[in-house]
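J.: This structure is in structure tokens; I'll ask about it shortly.
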Amino acid sequence: MSLLAQLQLADSAFPGGLYTLSHGLESYAQAGPVDVAALLEDVLLHAAGPGDATALVLAHRAVRRDDWDTVVAVDQRLHAIKLNRELRAAATRTGNQVLRTAATVFATPELLRLVELTGAGATPGNHAVVLGTAYAGLGVAEDGAVTGDLYAFAASWVSAAVRLRRLDFRQAQATLYGAGPAIERAAAAALAARDPLDLYAATPIADTMSCAHERATARLFTT
Amino acid sequence: MHQHAHPAPATHLTTALDRVFKVGVGGPVGSGKTALIEALVPILLRRGHSVGVITNDIYTQEDADHVRRTLDGVLDPARIMGVETGSCPHTAVRDDPSMNLAAGAELLERFGDIDTLLYESGGDNLTLTFSPLLADVYVFVLDTGEGDKMPRKRGPGITDSDLLVINKIDIAPYVRADLDVMARDADRVREGRPVILTDALRGTGLPEVADFITSRRRACSPSA
């Protein structure tokens with residue numbers, strides 16, 4: 001059953017608004033030619049992996065040992081390292097919506113606890129922390145959880161690339177499959193983290209591009 | 001794994017958004033959704049309601065900006081939000097309205113007095129419907145410029161919406177649209193559900209649209 005629950009949560013059909021995000025790709029596409037596969041690998045290894053995926057792992061472990069102070073610390077640290085308003089808003093909007101749906105559907109005590117904490121304003125409710133909490137409560141092992149989440153991120157990325165007309169649908173699937181080694185490396189790095197201070201992102205150009213996106217006059221995506 | 005046979009009681013998860021009356025306005029590109037909202041807001045304000053507007057533009061913030069300009073001095077621009085939909089306007093109001101729900105929650109957090117939220121979908125096709133979690137009432141807007149065959153084409157937007165508005169009745173003679181045919185076909189395919197003919201720019205039919213919304217507010221929240 002934990003495998004089925006994981007498949008359901010990682011499925012792009014699970015409502016969370018991810019289809020409204022390009023994860024920064026739209027700004028690159030508006031600026032000129034872009035190597036979608038190479039950029040995806042960079043984002044996996046330097047932002048999504050050490051940031052969101054690591055937060056998912058640390059939140060998962062903290063929930064398993066009932067350490068909610070650390071869950072909150074991870075959530076706040078992840079929020080702090082997202083430098084752009086757009087990226088912070090997207091992570092908490094998707095996170096809180098997934099939380100409400102997941103808490104209704106799966107109704108684990110862990111998810112309901114996180115509903116209380118976010119409702120009280122004690123923690124922002126980033127998407128990665130919500131998923132870490134959900135997976136922990138549903139008995140999904142952390143390695144499978146983080147790999148599945150990075151896959152979902154990459155799938156969302158190539159889907160945005162198709163809508164931005166930077167890949168056709170076959171190139172998109174080839175790019176997704178080709179991202180496998182980067183997903184595995186990013187997952188391994190996330191699993192090696194031990195402390196909320198291990199969370200980081202180092203993508204200055206992507207951050208600058210996201211700044212430009214906030215003021216773009218025309219855009220399909222929220223990020 | 002932990003397995004829970006029953007979902008959590010809904011009261012654990014209700015928010016302010018669940019208690020606000022939400023109106024969805026959908027329809028094809030250019031049919032007059034924005035104009036309808038711009039005309040409705042002053043009427044709703046005069047009737048004592050506190051309003052917020054969320055527009056789903058396809059590619060720009062044009063609709064949100066247009067509403068802000070038109071309602072300048074009538075509605076605080078901060079009560080109007082634009083939401084991007086990743087080129088999936090129907091998904092954003094039906095299959096996965098997460099970002100619209102999040103935007104509504106943020107508006108209510110800033111303006112706790114709002115009692116009516118108007119959601120304008122991005123222009124879409126005749127199959128557009130709203131999730132009942134996003135909209136208590138769903139208004140579908142056609143216009144005469146699309147041709148008088150439109151009601152006959154049906155589609156869930158035309159047949160299943162709570163109210164069908166046929167807008168731009170003033171230009172019907174110039175686009176060779178027969179209003180009688182449109183109204184007759186609309187009544188037939190909707191099996192008696194309400195249809196209102198409007199000219200949103202001059203205000204024709206708008207009080208009737210507002211009356212319908214008010215009547216549904218009472219039905220959806222008896223204490224209102």
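The values are calculated or read from the model by the stated rules, or taken from the named source; none is laboratory data. Everything numeric here is computed off the predicted structure, so don't read it as measured data. Cβ coordinates were reconstructed from backbone atoms using ideal geometry, including for glycine residues, and neighbour counts include every protein chain displayed. Areas reflect the complete protein model, heavy atoms only, side chains present, ligands, DNA and RNA absent. Shrake-Rupley method; radii C 1.70, N 1.55, O 1.52, S 1.80 Å.
J.: To the nearest hundred square angstrom, how large is the accessible surface buried between B and A, total for both chains, probe 1.4 angstrom?
T.: Values: alone 11100 and 10640 Å², together 19100 Å².
The summed interface area works out to 2600 Å².
J.: While we're looking at this one, here's another question. With an 8 Å Cα cut-off and a minimum separation of 6 or more residues, compute the relative contact order for chain A in percent.
T.: Details: 319 pairs, mean separation 88.4, N = 223.
It rounds to 40 percent for chain A.
J.: Around A:Ser210, with a cut-off of 10 angstrom between Cβ atoms, what is the net charge of the other residues, counting Lys and Arg +1 and Asp and Glu -1? Present the calculation step by step, with values, prior to reporting the outcome.
T.: Numbers: positive: A:Lys82, A:Arg85; negative: A:Glu26, A:Glu86, A:Asp207, A:Glu214.
With Lys, Arg at +1 and Asp, Glu at -1, the net is -2.
J.: With the solvent-accessible surface defined on protein heavy atoms using a 1.4 Å probe, which residues belonging to the range A:201-223 display a reduction of at least 20 Å² in accessible area in the multichain context relative to the isolated chain?
T.: SASA drop of 20 Å² or more in the range A:201-223: A:Thr217, A:Ala218, A:Arg219, A:Leu220, A:Thr222.
J.: Per residue of chain A, what 222 nm ellipticity follows from adding -39500 (n - 2.57) for every DSSP H run with n ≥ 4, rounded to the nearest 500?
T.: Numbers: 12 runs with 148 residues, N = 223.
Value at 222 nm, helices only, nearest 500: -21000 deg cm²/dmol.
J.: With a Förster radius of 60 Å, plug the Cβ-Cβ distance of A:Ile205 and B:Arg184 into 1/(1 + (r/R0)^6) and report the FRET value to the nearest 0.05. Walk me through the numbers on the way to the answer.
T.: Numbers: r = 60 Å, r/R0 = 1.01.
That gives a FRET efficiency of 0.50.
J.: Report, to the nearest whole %, how much of the accessible area of the range B:15-220 belongs to carbon and sulfur atoms, 1.4 Å probe, protein only.
T.: Details: 4230 of 8250 Å².
Percent of accessible area from carbon and sulfur atoms in the range B:15-220: 51.
J.: Next question, about the same structure. Kindly rank B:34-44, A:182-192 from highest to lowest mean number of other beta carbons found within 10 Å of each residue.
T.: On the way: B:34-44: 21.9, A:182-192: 19.4.
Final packing ranking: B:34-44, A:182-192.
J.: Let me know the mean shielding of A:84-91 by other chains, meaning the per-residue number of their Cβ atoms within 10 Å of its Cβ.
T.: Values: counts 0, 0, 0, 0, 0, 4, 2, 0.
Mean shielding count: 1.
J.: If you roll a 1.4 Å probe over the heavy atoms of the protein chains, what accessible area per residue do you get for chain A, in Å²?
T.: Numbers: 9360 Å² over 223 residues.
That works out to 42 Å² for each residue.
J.: Using the scaling law 2.2 N^0.38 Å as the reference, what is the normalised Cα Rg of chain B? Walk me through the numbers before you get to the answer.
T.: Numbers: Rg = 17.6 Å, N = 224, 2.2 N^0.38 = 17.2 Å.
Ratio of Rg to 2.2 N^0.38 Å for chain B: 1.02.
J.: Using a 10 Å cut-off on Cβ to Cβ distances, tally the other chain neighbours for every residue of B:97-107 and report the average as a whole number. Don't skip to the end; give the middle numbers.
T.: Values: counts 3, 15, 12, 3, 7, 12, 3, 0, 4, 3, 0.
Per-residue shielding by partner chains comes out at 6.
J.: Could you check which residue among B:Ser131, B:Ser31, B:Ser87 shows the biggest mean-square fluctuation in a GNM of chain B with a 10 Å Cα cutoff?
T.: In the Gaussian network model the winner is B:Ser87.
J.: At a Förster radius of 60 Å, what calculated FRET efficiency corresponds to the Cβ-Cβ distance of A:Ser2 and B:Asp72, to the nearest 0.05?
T.: Values: r = 54 Å, r/R0 = 0.91.
Result of the calculation: an efficiency of 0.65.
J.: Where the accessible area of chain A is counted over protein heavy atoms with a 1.4 Å probe, how much of it, in %, is carbon and sulfur? If you can, show how the numbers build up before the last one.
T.: Details: 5230 of 9360 Å².
Carbon plus sulfur share of accessible area: 56 percent.
J.: Something else about it: When DSSP beta bridges are limited to those with both residues in the protein assembly as shown, what percentage is antiparallel, rounded to the nearest 5?
T.: Working: 2 of 27 bridges.
DSSP beta bridges in the protein assembly as shown are roughly 5 percent antiparallel.
J.: Could you compute how fast the range A:20-214 diffuses translationally, taking Rh as the Kirkwood radius over C-alpha pairs and applying Stokes-Einstein at 37 °C with viscosity 0.692 mPa s? Give it in µm² per second.
T.: 197
J.: Go ahead and estimate [θ] at 222 nm for chain B from helices alone: -39,500 (n - 2.57) per DSSP H run with n ≥ 4, summed, over the residue count, rounded to 500.
T.: Computed ellipticity for chain B at 222 nm equals -9500 deg cm²/dmol.
J.: When the accessible area of each residue in the range A:120-169 is compared between its chain alone and the complete protein assembly (1.4 Å probe; ligands, DNA and RNA ignored), which residues differ by at least 20 Å², being lower in the assembly?
T.: Checking the loss per residue gives A:Gly137, A:Leu138, A:Arg163.
J.: Oh, and also: Let me check I have the definition right: for the protein assembly as shown, take the eigenvalues of the Cα gyration tensor, multiply each by 5, take square roots. What are those semi-axes in whole Å, largest first?
T.: Numbers: eigenvalues 340, 118, 76 Å².
The equivalent ellipsoid of the protein assembly as shown has semi-axes of 41, 24, 19 Å.
J.: If you don't mind, another one. Report, by chain and number, residues whose modeled amide H sits under 5 Å from the one on B:Thr204, excluding near sequence neighbours (fewer than 5 apart, same chain).
T.: Amide H neighbours of B:Thr204: B:Asp199.
J.: Quick one: net charge of A:Ala29's neighbours, Cβ under 13 Å, K/R +1, D/E -1? All intermediate terms of the calculation are to be shown ahead of the outcome.
T.: Working: positive: A:Arg163, A:Arg165, A:Arg166, A:Arg219; negative: A:Glu26, A:Asp35.
Its environment carries a net charge of +2.
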